[in-house]
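K.L.:
Structure provided below as structure tokens; questions to follow.
A short reminder: the numbers here are calculations on the coordinates, not readings from a lab. The structure displayed is predicted, hence computed values, not measured ones. Every residue, glycine as well, gets a Cβ built from its backbone with ideal geometry; the counts of neighbours run over all protein chains shown.
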Amino acid sequence: MKADLDAKAVDPGHESVGWDLGSLRKAWNRAKHEVAPWWAANSKEAYSSGLADLARALDNWSASKNGTRRGRRMGFPRFKSARRDAGRVRFTTGTMRLEDDRRTITVPVIGPLRSKENTRRVQRHLSAGRARILNMTLSQRWGRLFVSISYALRTPATAPAVARPTVIAGVDLGMRTLATVATVDTITGEQTITEYPNPAPLKATLAARRRAGRQLSRRIPGSRGHRSAKAKLTRLDRRCVHLRREAAHQLTTELAGSYGRIVIEELDVAAMKRSMGRRAYRRAVSDAAMGLVGPMLAYKTARHGAVLTVADRWFPSSQIHHGCTTPDGTECLLVGKGRIDKLLVCPLTGEVVDRDRNAALNLRDWPDDASCGPVGTTAPSVPGPTKQVGTGHGADTGTSGAGGASIRPAHAGRKRRGQNPNPARGRRIMCATQTHSTATVRKGRLETRTRG
């Protein structure tokens, strides 16, 4: 593709290959006998899934270059390293089914695979005719085979109602605690603050990982001892990932099914990982899994009929003292208390405030249609328009207060390509409950391990 673009730049009349999946498949079929004479030894799905990923990457690169794609600017697609990328293949045609014993998965070309997890959750929908398998992705990670099943499920359009629709919850994500949730009932006025502990699986297994790493370095590459030591380190990595993901699922499931409106704060987790300072801080950011909560809440609130509001990234939720204003009417900013940055001090009253609880309270009181203004103004009290976005998987979300980010005026900084020209605008995800009885089709996903 790069050579094709270079040829078109030299000769504008050069007939280039289209970037859609159909054009890429035709180009591959014309050239596969010359560039890959061994192509017949593998399944056609191995090449088809790679071409589909290439088409998606080219589309993302083009959208990022034109400024129509949010997020960081993407470069031209490159080949992935065979050592760093996990091997996977996606099957879209052939025999794809779940057997009646709920322990066997039939994959095209490969055949039946014994599953370690029970597949009854999907098998019930398939047997009742409510679901249809779209594709299966076979991948190898941490020394195990995984089968990810993408299926279309027909469900009633009426979404289940939340348990407490009149309650507003402000969720502050952090590293000391997984989340601090401040709630208020708009009818009775009842207020609660709940802290969810952070399992921190990487921190818990750090000593064992270091021992396993030293043991691996002493083994001879290629020996059985080296393979055994590498498998031990892989098991620790697998356990960390699964514990972190399970904690995020439990938190988001409880929040989406309990409260009518949930307010979180947008956070650039990737920038926090690149920040200068102690390596332990960057490791704690990765261990907190703050980037998983936002996308999970997006589709779970849509499923339960709740409203997800994303506050502005530069809203100083942890620095503004909740319920305290200066004599001139502006917000009172808290100051740190020595090295214990979890506790902040109000310069007016001298009150010692918990950082995470204060941020959760400010997010809870975030207006439904407010925008964040410069620091030192009454930004949450000034109504403004919000941006309506879809309910699909969005950007990483969290709180700048929990991560210790600095306060910055919302109008500061230059406009970046592909981003909202007004960074002060908040984002609101609206998930209205449908009451009519027609049926809709939504996509589900089941990921299960297999025994090789």
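K.L.:
So what's Rg/Rh here for region 2-66, counting alpha carbon atoms and using the Kirkwood radius for Rh?
P.N.:
1.02
K.L.:
Rounded to the nearest 5, what is the percent of antiparallel bridges among the DSSP beta bridges in region 167-291?
P.N.:
If I count the DSSP bridges inside region 167-291, around 80 percent turn out antiparallel.
K.L.:
Right, another one. Quick check for you: which residues of region 75-113 have the amide N under 20 Å from the point 7 Å beyond the Cα of GLN140 toward its beta carbon?
P.N.:
80-92, 105-113
K.L.:
Here's another thing I want to ask about it. Could you please rank LEU5, LEU51, LEU145, placing first whichever residue has the fewest other Cβ atoms within 10 Å of its Cβ?
P.N.:
Result, fewest neighbours first: LEU5, LEU51, LEU145.
K.L.:
Taking the Cα centre of each part, how many Å lie between region 167-208 and region 63-103?
P.N.:
Rounded to whole Å, the Cα centres lie 32 Å apart.
K.L.:
So, one more: Using r as the Cβ-Cβ distance of TYR281 and ARG30, and R0 as 51 Å, what FRET efficiency do you calculate, to the nearest 0.05?
P.N.:
That pair, TYR281 with ARG30, gives E of 0.45.
K.L.:
Ranking PHE91, PHE146 by Cβ neighbours within 10 Å, fewest first, what do you get?
P.N.:
If I rank by nearby Cβ atoms, fewest first, I get PHE146, PHE91.
K.L.:
What FRET efficiency comes out for ARG73 versus ARG121 if R0 is 41 angstrom and r is the Cβ-Cβ distance? Round to the nearest 0.05.
P.N.:
0.55
K.L.:
Which of SER115, SER275 comes first, and how do the rest follow, when ranked by fewest Cβ neighbours within 10 Å?
P.N.:
SER275, SER115
K.L.:
At R0 = 51 Å, how high is the FRET efficiency between ASP101 and ARG176 if r is their beta carbon distance? Nearest 0.05 is fine.
P.N.:
Here the calculated transfer efficiency is 0.65.
K.L.:
A follow-up question, please. What relative contact order, as a whole-number percentage, does region 2-66 give when Cα pairs under 8 Å and 6 or more residues apart are counted?
P.N.:
Result for region 2-66 is 29 percent.
K.L.:
List the chymotrypsin sites (Phe, Trp or Tyr not before Pro) within region 1-74 that DSSP assigns to loop and that have no more than 11 neighbouring Cβ atoms inside 10 Å.
P.N.:
TRP38
K.L.:
In nm, give the distance between the simple-model label positions of THR234 and ARG209, each being 7 Å from the Cα along the Cα-to-Cβ direction.
P.N.:
In this crude spin-label approximation the distance works out to 1.7 nm.
K.L.:
For region 267-353, just say rounded, prolate or oblate: build the C-alpha gyration tensor, square-root its eigenvalues into a ≥ b ≥ c, call rounded for a/c under 1.5, and beyond that prolate if a/b exceeds b/c, oblate if not.
P.N.:
Judged from the Cα gyration tensor, region 267-353 comes out oblate (a/c at least 1.5, b/c at or above a/b).
K.L.:
Compute the distance in nm between two label points, each set 7 Å from the Cα along the Cα-to-Cβ direction, one at ASP11 and one at THR188.
P.N.:
About 7.7 nm, to one decimal.
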